[in-house]
Amino acid sequence: MDFMLILRDSLSAAVGPAAIVYALAAIGLNVHFGYAGLLNFGQAGFMLVGAYGLAVSAVVYDVPFVLALVIGILASVVLAVILGVPTLRLRADYLAIATIATAEVIRFIVNSPSNADVTRGSQGIAGFAKPFHDLNPYGGGLDIGIVRLSRSDLWSATVGWVLVAICCLIVYLLMRSPWGRVLRSIREDEEAVRSLGKNVFAYKMQALILGGVFGGLAGIFLALRQASTIPSDFGTHVTFYAYTALLIGGAARVLGPVVGAMIFWFLLNGLGTFFGQLTSGADPILPEGLMDQSQASLVRFIVVGLGLMLLLIFRPQGIFGDRKELAIDAR
Amino acid sequence: MPADTAPTANATGRAGLTGLAPEPGVPKPDPIVSGSSITRQFGGLKAVDVEHLEIQRGVITALIGPNGAGKTTLFNLLTGFDKPDTGEWSFNGKSLQGVAAYKVARAGMVRTFQLTKVLSRLTVIENMRLGAGGQRGESMWAAPFRALWRSEEQTNTERADDLLARFKLDAKREDFAGSLSGGQRKLLEMARSLMSDPELIMLDEPMAGVNPALKQSLLGHVKSLRDEGRTVLFVEHDMDMVRDISDWVIVMAQGVIVAEGTPDQVMADPRVIDAYLGAHHDTDLSEIDEQALAAEVAEEIETAQTEGEAKE
C-alpha cells in the first residue's frame with residue numbers, strides 16, 4: 001500500500017485542471033441556485049455551447065483564436081437568453097425540468113450524425129487549442145513529491161486558477177452590493193420583491209446570464225485543457241458533479257464552490273487510487289471474490305455518494321455555510 | 001366626475017367624506033384610485049365584479065366582507081399581481097391597466113400580503129434596505145463599484161434605522177427576519193413598504209395573527225400613516241379595528257361592492273348584515289311556514305329548469 005501515491009494523486013487532482021473545470025461550473029451554479037434560487041439543472045448545456053462555440057468557430061469556420069473565445073462566451077449568453085425568456089416565469093421545479101431537458105437536447109443535436117458537417121458528431125472536434133498551448137512558458141512539469149502535474153496541466157492549472165480567482169472576485173463584488181441583495185431576496189420570495197418595485201424578471205435573467213457565462217468558461221477551459229471537445233463530455237452527470245461540489249463547499253458563499261470542487265476531486269481520485277491498490281497486483285489485499293479491479297474504479301462513486309449523504313444530514317449547509325441561516329429555511 | 005362634486009378646498013382628506021351618500025361606488029371629491037367595471041373570473045366563479053370604485057386621498061379606507069368576498073383578489077388586481085378580465089382603473093389619474101406589479105409599486109402604490117412575506121434569510125436591516133426605491137447599486141453594472149452606491153446606501157440605512165426605531169424593531173436589527181414573530185413580521189413588512197415613501201399603502205389583513213398587545217401599537221402605526229399624509233387601504237376581518245381607525249368602509253360580498261359609508265353607517269346597513277349573516281338571520285326558523293317555503297323552492301327549481309331548456 002503506497003499512501004504517498006494516494007496522497008499525490010488526490011492532491012494533484014485537487015489543484016489540477018479537473019477541479020478547476022468543476023469549480024468554474026459550480027461558481028455559475030452558485031450564482032443561479034445559491035444566490036438567485038434558480039434551480040438550473042442544465043449547467044452542462046452552458047458548458048457545451050461554450051466549448052463548441054470556441055471549437056466550431058475556430059476549426060470549421062477558421063475564426064481567429066481570440067475571436068473564437070469570445071464567440072464561445074457569447075454562445076452561453078445567447079443560450080441563457082433563449083432559455084430564460086420562456087422559463088424564468090416558471091416555478092423553480094419546472095425550471096429544473098426545462099433546463100435539464102434543454103441541456104440534453106443540445107447534446108443530442110451536437111451528437112447527431114446529420115449535423116456532423118458542423119459539429120463532427122460523436123467524434124468531437126480537435127485542433128483548436130494550439131494557440132493556447134503554444135503560450136505555455138513552462139519548460140517542464142511540476143513534481144514536488146505530493147503534487148505532480150504534467151507540463152501542459154501545469155499551464156492549464158495556472159490559467160485556470162487565475163480565471164477562478166477573477167470569477168470569485170466578480171461574484172464577491174456583486175453579491176455584497178444592493179444588486180446581490182435583490183438577488184438573494186428573489187431567492188427568498190419573488191412576490192415580495194416585486195411588491196417593492198423591483199423588476200424580478202430582469203434580475204433573474206441577469207443572474208442566469210452571469211452564471212451561464214461562468215458555465216461557458218468552464219466548458220471552454222475543459223476544451224482547451226484537453227485540446228478537444230466531444231459531446232459525451234457534457235452529459236447530465238457533469239451538472240450533478242458541479243452541484244455536488246457546490247453543496248460540499250456551501251451554497252451562497254463566494255469560495256464554497258471552489259473548495260467544494262477541490263474536495264470532490266481530492267476524494268474521487270484518492271479513493272480511486274486507494275481501491276485500485278487494494279485490488280491490483282498478483283496477490284491483491286482484497287480477495288478477488290470480494291472486489292475485482294474493474295469494480296474498484298466504481299466503488300469510489302459509492303463511497304463519495306455515501307459521504308455526500310452524511311454531509312447533507314450532519315452538515316447541510318456545507319463547509320462554509322451558516323447553519324443558522326439554513327435552519328430558518330426549514331420551517 | 002360630475003361637476004358638482006369637483007374638489008373644493010375642504011373636500012380633501014376626511015373632510016371630503018362628510019355628507020357623501022353611503023351608496024356603493026359613490027364618487028369621492030378627491031380620489032387617489034378610481035376604477036370601473038373590474039371583473040375577474042375563476043372558472044365558473046366571478047370572484048370580482050366591481051362596477052365602480054373610488055378611494056379618497058389621505059384617509060383610511062377599510063375593505064371588509066365575508067370570506068371569499070373577493071377582497072384579496074381585488075387587491076391583487078389593483079396592484080398588478082393578477083390580471084382582470086375586464087375593467088380599467090387609475091392611480092393619481094394615471095391608468096394602471098396592464099401595468100406590471102413592480103411598476104405599480106414604483107408609481108407609489110405599495111402593498112403588503114395577507115401571509116407576510118418577509119425575506120427570511122436576510123437580516124431585518126437588509127429587508128429594510130431592499131425596500132428603498134431607485135437604488136443605483138441595484139443595477140448590475142454599477143454594483144461592483146462600491147464608490148458609486150456607498151453614500152446612497154448610507155442614506156437608506158439611516159432612513160431604515162429611523163423606521164425600525166419607530167416600529168420598535170431596532171433591537172432586532174441584525175437578526176434574520178425568519179426568526180421574528182408573526183406580529184413583528186407584520187411590522188417589518190409595513191416598515192419595509194414605507195422605505196419607498198409610497199403615497200398609497202395597501203395592507204392585506206394587517207391584524208391577522210397579531211397578539212392583542214401588539215394590536216394597539218399596530219393601530220397607532222396605521223393612524224400615523226394617515227396623519228403624515230398617506231392614503232391607507234386595508235382588508236380586515238377584525239371589526240373593532242375597522243370601527244376604531246377607518247374613515248370610510250367598503251363592503252364586498254360575492255365579488256360585488258354591496259355597501260359603502262362611514263363605519264357607523266355601514267354597521268347599521270341592512271345589506272351588510274345580510275351579506276355577513278344571511279337575509280333570514282333574525283327570523284326564528286319555527287316561524288317559517290314550511291309549506292310556503294317548499295312551494296317557493298319548487299318554483300325556483302322550475303324556473304331554473306325552463307331557463308336551462310330555453311338555452312339549449
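Please treat every number below as a calculation from the coordinates, not as lab data. Just so it is clear, the model here is predicted, and its values are computed rather than measured. Cβ placement follows ideal geometry from the backbone for every residue including glycine, while neighbour counts extend to all protein chains displayed.
Once segment B:1-137 is represented by equal point scatterers at the alpha-carbon sites, with solvent omitted, what log10 I(q)/I(0) does the Debye formula produce at q = 0.12, 0.13, 0.19, 0.22 Å⁻¹? For segment B:1-137, the Cα-only Debye profile gives -0.59, -0.68, -1.21, -1.40. The mean of 1/r over all pairs of different alpha-carbon atoms in segment A:224-269, once inverted, gives a Kirkwood hydrodynamic radius of 11.5 Å.
Along each principal axis, taking the top coordinate minus the bottom one, the Cα set of segment A:3-235 gives 59, 45, 33 Å in descending order. The amide H of B:GLY261, built 1.01 Å from its N in the peptide plane, has B:VAL249 as neighbours under 5 Å, considering only residues 5 or more places off or on other chains.
For segment B:151-189, applying the loop criterion from DSSP together with a ceiling of 11 other beta carbons within 10 Å to the GluC sites (Glu not before Pro) yields B:GLU174. For chain A, leaving out every one of the chymotrypsin sites (Phe, Trp or Tyr not before Pro) that falls in a DSSP loop and has at most 14 other Cβ atoms within 10 Å, the longest unbroken run is A:139-331.
The mean number of Cβ atoms from other chains found within 10 Å of a Cβ in peptide B:106-115 is 2, as a whole number. For segment A:1-107, the mean projected area of the C-alpha convex hull, equal to one quarter of the hull surface, is 9.4 nm². Computed from backbone phi, the HN-Hα couplings of segment A:137-146 come to x, 6, x, x, x, 10, 9, 10, x, 8 Hz, rounded to whole numbers (Karplus: 6.51 cos²θ - 1.76 cosθ + 1.60, θ = phi - 60°; Gly and Pro given as x). Its residues counted as N, segment B:120-179 yields a C-alpha radius of gyration over 2.2 N^0.38 Å of 1.18.
Take each residue of peptide B:175-187, count the partner chain Cβ atoms within 10 Å of its Cβ, and average: the result is 2.
Computed 3J(HN,Hα) for segment B:293-298, one whole-Hz value per residue from the Karplus formula 6.51 cos²θ - 1.76 cosθ + 1.60 where θ = phi - 60°, is 5, 4, 4, 4, 5, 4, glycine and proline marked x. If each DSSP helix of 4+ residues adds -39,500 (n - 2.57) and the sum is divided by the residues in chain A, what number results at 222 nm, nearest 500 deg cm²/dmol? For chain A, the value works out to -22500 deg cm²/dmol. Among the residues of B:121-134, the average count of other protein chain beta-carbon atoms within 10 Å of the residue beta-carbon is 4. In the protein assembly as shown, Rg over Rh equals 1.11, where Rg is the alpha-carbon radius of gyration and Rh the Kirkwood radius from pairwise Cα distances.
Taking other residues whose beta carbon is less than 13 angstrom from the beta carbon of A:THR158, and scoring Lys, Arg as +1 and Asp, Glu as -1, yields +1. What whole number of Å gives the distance from the Cα centroid of segment B:12-29 to the Cα centroid of segment A:64-82? What the calculation gives is 62 Å, centre to centre.
Across segment B:132-237, Cα-Cα pairs more than 21 Å apart make up 43 percent of the total. The angle between the Cα long axis of helix B:212-227 and the longest principal axis of the Cα atoms of chain B comes to about 80 degrees, rounded to the nearest 10.
Principal axis extents of the Cα atoms in chain B, from largest to smallest and rounded to whole angstrom, are 81, 46, 43.
Note on chain B: helix-only mean residue ellipticity at 222 nm, from DSSP H runs of 4+ residues weighted -39500 (n - 2.57) and normalised by residue number, equals -11500 deg cm²/dmol. Only Cα pairs under 8 Å and 6+ residues apart enter the sum, and on that basis the relative contact order of chain B stands at 23 percent.
Overall dimensions of segment A:81-194, expressed as equivalent-ellipsoid semi-axes from the Cα gyration tensor (√(5λ), whole Å, largest first), are 37, 27, 12.
Membrane-span-like helices in chain A, defined purely by DSSP H runs whose alpha carbon atoms cover 27 Å or more axially and whose average Kyte-Doolittle hydropathy reaches 1.6, are A:65-87, A:151-175, A:293-314. Residues whose amide H lies under 5 Å from that of B:LEU63, counting only those 5 or more places away or on a different chain, are B:PHE234, B:VAL235, B:GLU236, B:ILE250; hydrogens are built 1.01 Å from N in the peptide plane. Close amide H partners of B:ARG111, meaning residues 5 or more places away or on another chain with modelled amide H under 5 Å apart, are B:MET202.
For segment A:66-153, the list of trypsin sites (Lys or Arg not before Pro) that fall in a loop by DSSP and count at most 15 other C-beta atoms within 10 angstrom reads A:ARG89, A:ARG91.
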